[in-house]
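The values are calculated or read from the model by the stated rules, or taken from the named source; none is laboratory data. Everything numeric here is computed off the predicted structure, so don't read it as measured data. Backbone-built Cβ (ideal geometry, glycine too); neighbour counts: all protein chains shown. With ligands, DNA and RNA removed, areas are computed over all heavy atoms of the protein, side chains included. Shrake-Rupley method; radii C 1.70, N 1.55, O 1.52, S 1.80 Å.
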Amino acid sequence: MPRRLEKQVAFLEANPGIGMVGANLQRIDADSQPIHVGVAGVPLPHALIALWFIIGNAINHPTVMIRRELLDLAGGYDTDFRKGSDRDLFIRLLGQHKIRIANLPEILIHYRQHERQISARHDKASRAKSLPMRLRLLDELGCPHSAETFERLSALQTSPKLPWAERRAVKRELRWLIHAMLRHNLVDAADEPLLRAEMNRVLEEASPRLWQKFCHWRRYRLPWLFPERKPAKPWQPTED
């Protein structure tokens, strides 16, 4: 889009703590017609990008702009990866170099989709290739059962309704993931309330419809009995 580079450069210059910035995109077909109307809806602040990138996708690769010194520090794209080199790079930037990421809310790219493009022909292979990368990051964070945890959490983006037992497991694992991200400095301590609010939102969406109706009813009909939760205290590191 016009002024795309100008807008992203201006953002990075105004936010020196951000190392990489992406944006929303509009998917178009072979005839340049919009496939979906509206914004794709990537998360904007770093904390939510980091959370969702670990277990799914939160960055539109064609929109990304990275500071050159950080790209050189990470060693750039690994040419050994025919597919998934972008995810490998982002995981190294986030997990090893602890960079901070942001997304702009604007649509700055028109992304054409057609049957012959590489991402369409090799989509399953690309996802399979990225799985060991994500499991590696979970292992570095100290996840005791990385494969099972990833399978449960990644399902939140595709099939949000969960049985109660699965919901309890997801809640436990989301709590662990938030603490691990804080402990390893992938996010800042001030981000914890935002991450907990996102966890509660996801868990409510994953709950059975009847429970969602009850939560909605009690929130608006009985506000004096169920006051809003106070923001969680910032996580404090321990001696160990």
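Run residue 31 past the list (1) modelled with pLDDT of 90 or more; (2) open to solvent by 50 Å² or more (accessible area, probe 1.4 Å) and report the number of the one that doesn't hold.
Among (1) modelled with pLDDT of 90 or more; (2) open to solvent by 50 Å² or more (accessible area, probe 1.4 Å), the lone unmet condition for residue 31 is (1).
Quick one: which residue in 67, 3 is on the phi > 0 side of the Ramachandran plot and either in contact (Cβ under 8 Å) with a residue 12 or more places away in the chain or surrounded by fewer than 12 Cβ atoms within 10 Å (Cβ to Cβ) (or both)?
It is 3.
Here's the yes/no breakdown for (1) in contact with a Ser or Thr (Cβ under 9 Å, 6 or more places away or on another chain); (2) at pLDDT below 75:
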residue	(1), (2)
141	no, no
144	no, no
171	no, no
177	yes, no
193	no, no
209	no, yes
213	no, yes
221	no, yes
226	no, yes
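Which ones in region 78-104 are assigned to a loop (DSSP other than H, G, I, E, B) and either over 15 Å from residue 46 (Cβ atoms) or open to solvent by 30 Å² or more (accessible area, probe 1.4 Å) (or both)?
Within region 78-104, 78, 79, 80, 81, 82, 83, 84, 96, 97, 98, 100 qualify.
Anything in region 132-177 that is in contact with an Asp or Glu (Cβ under 7 Å, 6 or more places away or on another chain), open to solvent by less than 60 Å² (accessible area, probe 1.4 Å) and closer than 27 Å to residue 85 by Cα? List them, or say none.
Of everything in region 132-177, those that are in contact with an Asp or Glu (Cβ under 7 Å, 6 or more places away or on another chain), open to solvent by less than 60 Å² (accessible area, probe 1.4 Å) and closer than 27 Å to residue 85 by Cα turn out to be 133, 146, 149, 153.
List pairs: first in region 75-89 and touching a residue at least 40 places away in the same chain (Cβ under 8 Å), second part of a loop (DSSP other than H, G, I, E, B), Cβ under 8 Å, 6+ apart or cross-chain?
Correct list of pairs: 83/122; 88/77; 88/78; 88/81.
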